[in-house]
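So the structure is just underneath, and the comments pick up after that.
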Amino acid sequence: MTRVAGKVAFVTGAARGQGRSHVVELARNGADIIAFDLCADVETNHYALATAEDLAETAALVRAEGRRVVAAKVDVRDRVGLEAALAAAVDELGRLDIVVANAGICPLGDDVPVQGFVDAFDVDFVGVVNTIHTAIAHIGDGGSIIATGSLAALMPGGLTSPGGTGYGLAKRMIPEYVRTVAHLLAARGIRANTIHPSNCNTDMLQSPPMYKMFRDDLENPTLDDVKEGFASMHAIPTPWVEPSDISNAVLYLASDESRYLTGQALRIDAGAGLILGL
Ligand SMILES: NC(=O)c1ccc[n+]([C@@H]2O[C@H](COP(=O)([O-])OP(=O)(O)OC[C@H]3O[C@@H](n4cnc5c(N)ncnc54)[C@H](O)[C@@H]3O)[C@@H](O)[C@H]2O)c1
C-alpha cells in the first residue's frame, strides 16, 4: 500500500463523508495528511455539517494508519485563514504534493433565500478556487490537484431554487477552471483534474432537503420514498455510489500512475451519463 508513499496530501471537507474516505485511503497508501474542515453549520444549508469531533475522528484514523496528520478548523471561503493554516501545515509536514478540493454544501429547498445561492457558490466554487490558489504556492513539481465537481454540473436544466442554482453553477464552472489551471501548471508536471460523483452515500445525499427534491409530492419523504428515484438516474442498478468508489479514483489521480492524465473530468456515476447522453 505505497501508491502515494512519501507524499503529503491536503484535503478540504475532510471531517466526514467523501473527504474522510479520501484522507484514510491516501494515508493507507503512504501519504501524510493535511485535513481541513469548517466544523460548523451554514445557516441556509438545512442539514448539519461536520463537527470538530468528526474532524478529530478523521485525524485519529490517519494516525491509526501510521501517518502524520495536521487537522484544522478552516473555512474554505476564508482565503487569508486558509493561507495561514496551509503554510503552517506545510511547514510542519515539509512538502505538498496532492490537493483535493472536496469541501461542499448543497443548500436545497424552496424555502432557502437568495443567500443560499451566495453560500453555495462561495463554498462550492470560490472555496475550490481559494483552496487551489493557496496550494499553488506550495505544491511541488509532479503534484496532483483534484477538484470535486458533481454529476449535477452536467444535468440539463440543472437544479432549481437559489441554493440549487448556486450549487449547479459552481459545479459547472469547476471543470473549466481546473482545465485552465492544468494548462498553466503542465510544464511543471503538475496535473489538475475534476471528479464528478453521482449520488454518493454521505450526509449530503441522506438529508431531508435532498429527499424533498426527489419527492416534492410528499410532506416528509423518507429514504424508502426516494430510493427508486435515486436509482432511476443510473444505468447500473444502484441508488448511489459509496465514498470509497470516489476515493479509488482520487488515489489513482493522486498517484504517479496517472502522471500523464491532466485537464480531464471523470464521471463516477454508475452510468448516469449514458442515460443523459453525455
Ligand atoms: N453526496 C453526493 O451525492 C454528492 C454528489 C456529487 C458531488 N458531491 C460533492 O462531494 C463533495 C463532498 O461532499 P460529501 O458528499 O462528502 O458530503 P458531506 O456533507 O458529508 O461532506 C462535506 C464536508 O465539507 C465540509 N464543509 C462544508 N463547508 C465547508 C467550508 N466552507 N469550509 C470547509 N469545509 C466545509 C463539511 O463540514 C463536510 O465535512 C462536495 O463537494 C459535494 O458537493 C456530493
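The values are calculated or read from the model by the stated rules, or taken from the named source; none is laboratory data. Note that the coordinates shown come from a computational prediction; the quantities given were computed from them, not determined experimentally. No Cβ is skipped: glycine too gets one built from the backbone with ideal geometry, and neighbour counts run over all protein chains shown. Each accessible area value is taken on the protein alone, full model and side chains, heavy atoms only, with ligands, DNA and RNA left out. Shrake-Rupley method; radii C 1.70, N 1.55, O 1.52, S 1.80 Å.
Computed values, structure above
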{"quantity": "Amide hydrogen neighbours beyond the local backbone of residue 103, cut-off 5 Å, H modeled", "calculated": "12, 13"}
{"quantity": "Relative contact order (percent, whole number), the stretch 40-198, Cα cutoff 8 Å, 6+ residue spacing", "calculated": "24 percent"}
{"quantity": "Value in Å of the Kirkwood radius, where the stretch 48-143 supplies the Cα pairs that are averaged", "calculated": "15.0 Å"}
{"quantity": "Relative contact order (%) - criterion: Cα under 8 Å, at least six apart; region: the stretch 170-278", "calculated": "37 percent"}
{"quantity": "Protection-proxy order for peptides 230-237, 30-37, each taking the mean of Cβ atoms within 10 Å per residue, highest first", "calculated": "30-37, 230-237"}
{"quantity": "All aspartates and glutamates inside 13 Å of residue 212 as judged from Cα atoms, apart from same-chain residues fewer than 8 positions distant", "calculated": "110, 111, 224, 225"}
{"quantity": "Built amide H within the under 5 Å cut-off of residue 71, gap 5+", "calculated": "35"}
{"quantity": "Whole-Hz couplings from phi, Karplus 6.51/-1.76/1.60, listed for the stretch 23-39; x for Gly and Pro", "calculated": "4, 5, 5, 5, 5, 4, 9, x, 8, 7, 10, 10, 10, 10, 7, 5, 6"}
{"quantity": "If the convex hull is drawn through the Cα atoms of the chain, its volume per residue in Å³", "calculated": "119 Å³"}
{"quantity": "Principal axes of the stretch 1-67: Cα extent on each, largest first, Å", "calculated": "41, 16, 14"}
{"quantity": "Residues of type aspartates and glutamates that residue 73 reaches as a straight line, Cα spacing below 16 Å, ignoring anything fewer than 8 places off in the same chain", "calculated": "37, 41, 53, 54, 57, 83"}
{"quantity": "Share of carbon and sulfur in the accessible heavy-atom surface of the chain [1.4 Å probe, %]", "calculated": "53 percent"}
{"quantity": "Using θ = phi - 60° and Karplus 6.51 cos²θ - 1.76 cosθ + 1.60, couplings along the stretch 264-278 (whole Hz; Gly, Pro as x)", "calculated": "10, 10, 10, 7, 10, 9, 6, x, 4, x, 5, 5, 7, x, 7"}
{"quantity": "Radius, Kirkwood style, for the stretch 1-160 when every pair of distinct Cα atoms is counted (Å)", "calculated": "15.9 Å"}
{"quantity": "Set of aspartates and glutamates with alpha-carbon distance to residue 7 below 19 Å, sequence-local pairs under 8 removed", "calculated": "25, 32, 65, 91, 92, 97, 141, 256, 257"}
{"quantity": "Accessible area of the stretch 216-260 divided out per residue, in Å², using a probe of 1.4 angstrom", "calculated": "58 Å²"}
{"quantity": "For the stretch 59-177: accessible area per residue (Å², 1.4 Å)", "calculated": "39 Å²"}
{"quantity": "Cα-centre dipole for the stretch 1-59 with unit charges at Cβ (Lys and Arg positive, Asp and Glu negative), debye to 20", "calculated": "420 debye"}
{"quantity": "MRE, 222 nm, helices only [DSSP H, n ≥ 4, -39500 (n - 2.57), over the chain, to nearest 500]", "calculated": "-12500 deg cm²/dmol"}
{"quantity": "Accessible area (Å², per residue) of the stretch 1-49, counting only protein heavy atoms and a probe of 1.4 Å", "calculated": "30 Å²"}
{"quantity": "Distant-in-sequence amide H partners of residue 144 (H built 1.01 Å from N, under 5 Å)", "calculated": "98, 99, 191"}
{"quantity": "Relative contact order for the chain, counting Cα pairs under 8 Å that sit 6 or more residues apart, in percent", "calculated": "19 percent"}
{"quantity": "Ranked by how many other beta carbons lie within 10 Å on average, peptides 175-183, 71-79, 197-205 from highest", "calculated": "197-205, 71-79, 175-183"}
{"quantity": "Solvent-accessible ranking of 53, 65, largest area first, probe 1.4 Å", "calculated": "53, 65"}
{"quantity": "More than 26 angstrom apart: percent of Cα pairs within the stretch 132-273", "calculated": "31 percent"}
